[in-house]
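So the structure is just underneath, and the comments pick up after that.
The values are calculated or read from the model by the stated rules, or taken from the named source; none is laboratory data. What you see is a predicted model; the values in this text were computed from it and never measured. Cβ placement follows ideal geometry from the backbone for every residue including glycine, while neighbour counts extend to all protein chains displayed. Keep in mind that these areas ignore ligands, DNA and RNA; they rest on the heavy atoms of the full protein, side chains included. Shrake-Rupley method; radii C 1.70, N 1.55, O 1.52, S 1.80 Å.
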Amino acid sequence: MVTFKPTPRDNGLAAWACHAGASRGRRRPEPPAPTRSDFQRDRDRIVHSSAFRRLVYKTQVFLNHEGDLFRTRLTHSLEVAQLARSMAYSLGLNEDLVEAIALAHDLGHTPFGHAGQDALDACMANHGGFEHNLQSLRVVDKLEQRYPNWDGLNLCFETREGILKRCPLPQAEAWEAEDPRGVGHRFVAGLQPSLEAQLTNLADEIAYNAHDIDDGVRSGLLTLEMLNEVALFRRFRQETLSDHPDLATLHPRRLLAEIIRRMLSAQVYDVIANTQRCLAQDNPTSVDAVRHLPPLVGFSGEMKRSSAELKRFLYRALYRHPQVSATTDAAKQVVGELFDAYRDRPSELPADYARSSDPMRALADYIAGMTDRFAIREHQRLTGKRVFPD
Ligand code: MG
């Protein structure tokens, strides 16, 4: 018989952290695993899920087939996990829990990133809409089918709470009615999630702001000159060039990597210092105390302004770039026409989706689960149209 030995990290958790031994548990009780904590077990279940494997072929900003080196949902999720873990360690938070939340946070994303979500939401306008945060929870609660006696992965409350970053109030109220004090409760009661959830949320933002610069420059849509209008970038570009003056001409890729590395470090240290300040001030003695306080994880005021400026720049110069918008329009067309095609010919759906008592929701689940390339193939098969070049 193997006995569970707590890792040194478990012993080093602060009072405000989520302790695996004090978890609010799973919806269906299970005996503890002999060698892993409950949050480690959640992370492992997520890594072994089908939805997790599909992330590798789902768009972050650039479509999967546009280049092999661009981020996908999978590599994005791994970067979020890395950032969240390294910040969690310094804050005495549970690294296993932030890792589980980070790896699962984007499981509900449709193919083609936000364009796919917007198109699917429009298709579902009269059937309850579509939102990727809700869908991520739905994937781990219901759609994964890997256990003999229940749907979903049966994850711990704390992991599910972290995955549900946002939730419209009517949905939260409906959940609260059927599952009082469950994951909908905080949206109804105006409470905060755990610090691990707050931290992973911020790590997501830090990760995509950084890697979208990298991918944007790699794609040729952004240049270092354009990025110079962003104060945070300018500051670390000047700093890097004064330390390594020849990088600009000899190694522009190394220059960019070093600027991004310094930007990331500055943001990570800022979050840690500012959050430590907030924690010292409010000194929560339990996760429950955390839930009743204002958000405690965050940037300093100055870094918040810098991050907002960077985000505005990326929005304008990259996400709204005509070349990105062209693929966005094509992606919306694929998702919209796929939806119509399956709705009109449900026999084209796999049997368990076609049998559902809620056919529109089952259709949204099926399309949301698709990878970019599967959606493109299915669209071509059902409509005869070729929207994306090979
Ligand atoms: Mg994300």
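The table below gives the values:
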{"quantity": "Residue that is buried (at least 20 other Cβ atoms within 10 Å of the Cβ), within 21 Å of the chain's Cα centre (by Cα) and either part of a loop (DSSP other than H, G, I, E, B) or not small (Gly, Ala, Ser) (or both), where the choices are Ile376, Ile367", "calculated": "Ile367"}
{"quantity": "Those helices (runs of 4 or more DSSP H) lying entirely in the stretch 149-211 with at least 1 residues farther than 21 Å from Phe39 by Cα and open to solvent by 10 Å² or more (accessible area, probe 1.4 Å)", "calculated": "169-178, 185-189"}
{"quantity": "Top-ranked residue of the stretch 104-124 - restricted to ones that are part of a helix (DSSP H, G or I) and within 11 Å of the ligand (Cβ to nearest atom), ranked as surrounded by the fewest Cβ atoms within 10 Å (Cβ to Cβ)", "calculated": "His114"}
{"quantity": "Scan of the stretch 312-338 for residues that are open to solvent by less than 50 Å² (accessible area, probe 1.4 Å) and either within 12 Å of His114 (Cα to Cα) or among the basic types (Lys, Arg) (or both), ordered by number", "calculated": "Val324, Ser325, Thr327, Thr328, Ala331, Val335"}
{"quantity": "Residues being out of contact with any Cys (no Cβ under 6 Å at 6 or more places or on another chain), part of a helix (DSSP H, G or I) and surrounded by 17 or more Cβ atoms within 10 Å (Cβ to Cβ) - total across the stretch 279-289", "calculated": "1"}
{"quantity": "Within the stretch 73-103, tally of residues that are within 15 Å of the ligand (Cβ to nearest atom) and surrounded by fewer than 22 Cβ atoms within 10 Å (Cβ to Cβ)", "calculated": "5"}
{"quantity": "Close pairs (8 angstrom Cβ cut-off, 6 or more residues apart or separate chains): free of Cβ contacts under 8 Å to residues at least 24 places away in the same chain in the stretch 224-235, open to solvent by 30 Å² or more (accessible area, probe 1.4 Å) and in a helix (DSSP H, G or I) anywhere", "calculated": "Asn228/Arg234; Asn228/Arg237"}
{"quantity": "Pair list, Cβ under 6 Å, 6 or more apart: the stretch 108-129 residue at positive phi, other residue outside any helix (DSSP H, G or I) and crowded, with 18+ Cβ neighbours inside 10 Å", "calculated": "Phe112/Thr59; Gly113/Thr59"}
{"quantity": "Test: residue in the stretch 77-89 that is in contact (Cβ under 8 Å) with a residue 24 or more places away in the chain, in contact with a Ser or Thr (Cβ under 8 Å, 6 or more places away or on another chain) and not aliphatic (A, V, I, L, M)", "calculated": "no"}
{"quantity": "Hey, Val188 within 18 Å of the chain's Cα centre (by Cα) and at pLDDT 95 or above or not", "calculated": "no"}
{"quantity": "So Asn64, is it modelled with pLDDT under 95 and closer than 24 Å to Val334 by Cα", "calculated": "yes"}
{"quantity": "Set Thr35, Thr7: member being modelled with pLDDT under 95, hydroxyl-bearing (Ser, Thr, Tyr) and open to solvent by 70 Å² or more (accessible area, probe 1.4 Å)", "calculated": "Thr35"}
{"quantity": "Top-ranked residue of the stretch 290-301 - restricted to ones that are outside any loop (DSSP other than H, G, I, E, B) and either without any contact (Cβ under 8 Å) to a residue 12 or more places away in the chain or under 22 Å from the mean Cα position of the chain (by Cα) (or both), ranked as nearest to Val230 (Cα to Cα)", "calculated": "Gly301"}
{"quantity": "Every residue from the stretch 370-387 that is modelled with pLDDT of 95 or more and touching a Gly at 6+ places or on another chain (Cβ under 9 Å)", "calculated": "Met370, Ala375"}
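For (1) at pLDDT 95 or above; (2) basic (Lys, Arg); (3) assigned to a helix (DSSP H, G or I); (4) within 19 Å of Ser307 (Cβ to Cβ), each residue gets a yes or a no:
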position: Leu232; (1), (2), (3), (4): yes, no, yes, yes
position: Arg235; (1), (2), (3), (4): yes, yes, yes, yes
position: Glu239; (1), (2), (3), (4): yes, no, yes, yes
position: Ser242; (1), (2), (3), (4): yes, no, yes, no
position: Thr249; (1), (2), (3), (4): no, no, yes, no
position: Arg254; (1), (2), (3), (4): yes, yes, yes, no
position: Ile259; (1), (2), (3), (4): yes, no, yes, yes
position: Tyr269; (1), (2), (3), (4): yes, no, yes, yes
